[in-house]
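Heads up: the structure comes next, in structure tokens.
The values are calculated or read from the model by the stated rules, or taken from the named source; none is laboratory data. These numbers were taken from a predicted model, which means no experiment stands behind them. Cβ atoms come from the backbone with ideal geometry, glycine included; neighbour counts cover every protein chain shown.
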Amino acid sequence: MVLTARHDVRGRRRAGLDWGVRRVAKPVVFLACLAPLAWLGWLAMAGGLGANPIEAVVRDLGSWALRFLLLSLAITPARQALNLPVLMRFRRMLGLFAFFYASLHVLAYVGLDQFFDWTAVWEDIVKRAYIAVGLGAFIVLLPLAITSTKAMIKRLGGRRWQRLHTLVYPAAALAAVHYVMMVKADLREPLLYAGILALLLGWRLVARVRRVRRGPAHQAWPGSSARTSVKPPETAVATRGR
Amino acid sequence: MLIRSRKPTDPLPSAITPRKHYLDRRRFMVATAAAAATTGTVGAVGVAVPKARARPAQRFDPFTLSPLSTDESPTDYDAVTTYNNFYELGTDKGDPARNADKLKTRPWAVVVDGLVQRPATIAIEDLLTRFDLEERIYRLRCVEAWSMVIPWVGFPLAALLDRVEPLGHARFVAFETLLDPDRLPGQRRPILEWPYVEGLRLDEAHHPLTILAVGLYGDVLPGQNGAPVRLVVPWKYGFKSIKSIVRISLTEHMPPTSWNRSAPDEYGFYANVNPTVDHPRWSQRRERRIGEFFRRDTLMFNGYADEVAHLYAGMDLATWY
């Protein structure tokens, strides 16, 4: 009896949290993710983008694409460090917003900056390495956006889906390099982004090395565990529950 | 009397929008945008232009208008003074305007030395009063593929060189920007090797198009545009036109130049505007004239080919970029 009651409370709490995430937190985060675009649109209409508004639009959209990429990559470390599994439920949205801003960035470059002069765009890709690298980042993001739906996760199977989505690491690296290469001399800002990315990727590397050292049972990454058949030692099971 | 002949590279007078009309168009666009904003329509990003501000009071009149001016309509004063590359005052385009108050321009003097008969230290007051100032409306083409039209106030560099009498074996002119991290705080960080240095061949320096500018739009130079005195060489990429000059030296050998030292494969000594020689970061085939939506074709020597092409006769401009 006591046990059931406690379960009931837990269940209700979980349902409440779920409702809160779905009906409150997610819409709020969604709108917050649109704020940079709204702000840019406002500045564009109010004439607040300075002397070269097209350059300002292209750069701002690119910066936000990179910021959202970093945010989506920060979810896993933050979730584990803060012990907040609920954060996981915002990862897809942030990733898709990264793709959204990256698409607008590419569109603004092709449509506003070059005005669909495909010859010029092609010349840029071939002759200017930073454009090619940026395009590479966008192309790598494409399959990730396409396979972001629940149906696609089911179709691919969790493990294969997870492996496919490790492509976000090279995509983010290419995006950061694209920014570093674009800048003429003052590398502070692009290196700041590259540094944050290095931290986020480094954290994963350290976590993985630790897991491997402690034994195969700790491999929490579904995509990487080919050796899960090994029986976990008792102590490991105990610590896992934390 | 002023007789101006139209060069083939100049736009037809009929192609130039009268200032009044484009100001009307801007007011219309701002009004439309405001209306769109209030009705909640989002879109049409990136066509906004800065508000046009009235020209400042003419501080330098009377000065003569030069026949070497283009008759293209000048870029908005606001754009000319808020979109600047002057890393000594910050690397963002808006930084120089924000930090310009740090650049105190008095006292100021320009040392002219090296291979000259009569070396001199010229106080800025003398520079402003002892030369015949002219208005020169020039195209400015930045290596970053944007351009402006700027009404400079200045005098030919040749007039200054004539006074110091270059020696027979002088072949180059070296220029140096002020080195003072208090007045040019960007120099606290080693983005480039400070002070900024530039150079010209002596015949380029003597060319009538080459001027020392002390003002723009009829007023004294704002700090962000290189106060109190800067070089303007309109057929070369903007970075050649060194700002806030404190030294001009005549030399026998080609002097080092800042961007060339920083990235020799990207920036050459000559840096002539040339749509056929590519740059690793920007296509030089076309440019965005600030205030315009569509890119326009970049002209050889920035449209000054008739005047300066002979200086480079027989030179391979792909090698001497």
Going through B:Arg261, B:Arg286, B:Arg281 one at a time, which residue ends up being in contact (Cβ under 8 Å) with a residue 40 or more places away in the chain and either crowded, with 19+ Cβ neighbours inside 10 Å or touching a His at 6+ places or on another chain (Cβ under 6 Å) (or both)?
B:Arg281
Could you check how many residues of region A:90-122 are in contact with an Asp or Glu (Cβ under 8 Å, 6 or more places away or on another chain) and part of a helix (DSSP H, G or I)?
1
Go through B:Pro195, B:Pro181, B:Pro156 for me and flag whichever is modelled with pLDDT of 95 or more, of a type outside the set (D, E, K, R) and buried (at least 21 other Cβ atoms within 10 Å of the Cβ).
B:Pro156
Pairs under 6 Å by beta carbon, first residue over 15 Å from B:Ser249 (Cβ atoms) in region B:150-167, partner in a helix (DSSP H, G or I), six or more apart or different chains?
B:Ile150/B:Val80; B:Ala158/B:His206
Out of region B:210-238, which residues are of a type in the set (A, V, I, L, M, F, W, C) and surrounded by 21 or more Cβ atoms within 10 Å (Cβ to Cβ)?
B:Ile211, B:Leu212, B:Ala213, B:Val214, B:Leu216, B:Leu221, B:Ala227, B:Val229, B:Leu231, B:Val232, B:Val233, B:Trp235
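Condition check ((1) under 23 Å from B:Tyr138 (Cβ atoms); (2) not polar (S, T, N, Q)) across all residues:
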position: B:Arg247; (1), (2): no, yes
position: B:Thr257; (1), (2): yes, no
position: B:Pro280; (1), (2): no, yes
position: B:Thr298; (1), (2): yes, no
position: B:Gly303; (1), (2): yes, yes
Go through region A:95-128 residue by residue and tally those that are small (Gly, Ala, Ser), more than 24 Å from the chain's Cα centre (by Cα) and either buried (at least 18 other Cβ atoms within 10 Å of the Cβ) or at the interface with chain B (Cβ under 8 Å from one of its Cβ atoms) (or both).
1
Could you please find all residues in region B:90-135 being modelled with pLDDT of 95 or more and part of a strand (DSSP E or B)?
B:Ala109, B:Val110, B:Val111, B:Val112, B:Asp113, B:Gly114, B:Val116, B:Ala120, B:Thr121, B:Ile122, B:Ala123
Whichever residue in region B:65-115 is among the small types (Gly, Ala, Ser) and within 14 Å of chain A (Cβ to nearest Cβ) and, among such residues, is nearest to B:Ala174 (Cα to Cα)
B:Gly90
Exactly one of A:Phe116, A:Phe138, A:Phe90 is of a type in the set (Phe, Trp, Tyr) and under 21 Å from A:Val28 (Cβ atoms), and that one is A:Phe90
Which of the residues that make up region A:137-153 are part of a loop (DSSP other than H, G, I, E, B) and either without any contact (Cβ under 8 Å) to a residue 40 or more places away in the chain or surrounded by fewer than 16 Cβ atoms within 10 Å (Cβ to Cβ) (or both)?
A:Thr147, A:Thr149
Is it fair to say B:Glu72 is surrounded by 14 or more Cβ atoms within 10 Å (Cβ to Cβ) and in a loop (DSSP other than H, G, I, E, B)?
yes
Could you list, in sequence order, the residues of region B:212-249 that are of a type in the set (Ser, Thr, Tyr) and at pLDDT 95 or above?
B:Tyr237, B:Ser241, B:Ser244, B:Ser249
Over region A:55-67, the set of residues over 24 Å from A:Val206 (Cβ atoms) and in contact with a helix residue (DSSP H, G or I) (Cβ under 6 Å, 6 or more places away or on another chain) is A:Val57, A:Val58, A:Asp60, A:Leu61, A:Gly62, A:Trp64, A:Ala65
Just need a number here: residues in region A:144-173 that are of a type outside the set (Lys, Arg) and either in contact with a strand residue (DSSP E or B) (Cβ under 7 Å, 6 or more places away or on another chain) or closer than 25 Å to A:Gly202 by Cβ (or both).
13
Every residue in region B:244-296 that is under 25 Å from B:Pro228 (Cβ atoms), hydrophobic (A, V, I, L, M, F, W, C) and either facing another protein chain (nearest Cβ under 10 Å) or out of contact with any helix residue (DSSP H, G or I) (no Cβ under 9 Å at 6 or more places or on another chain) (or both), please.
B:Ile245, B:Val246, B:Trp259, B:Ile290
Exclusive hit being in a loop (DSSP other than H, G, I, E, B), more than 14 Å from chain A (Cβ to nearest Cβ) and charged (D, E, K, R), set B:Asp162, B:Asp182, B:Asp203
B:Asp182
State the number of residues belonging to region A:35-57 that are touching a residue at least 24 places away in the same chain (Cβ under 8 Å) and either within 7 Å of chain B (Cβ to nearest Cβ) or surrounded by fewer than 22 Cβ atoms within 10 Å (Cβ to Cβ) (or both).
4
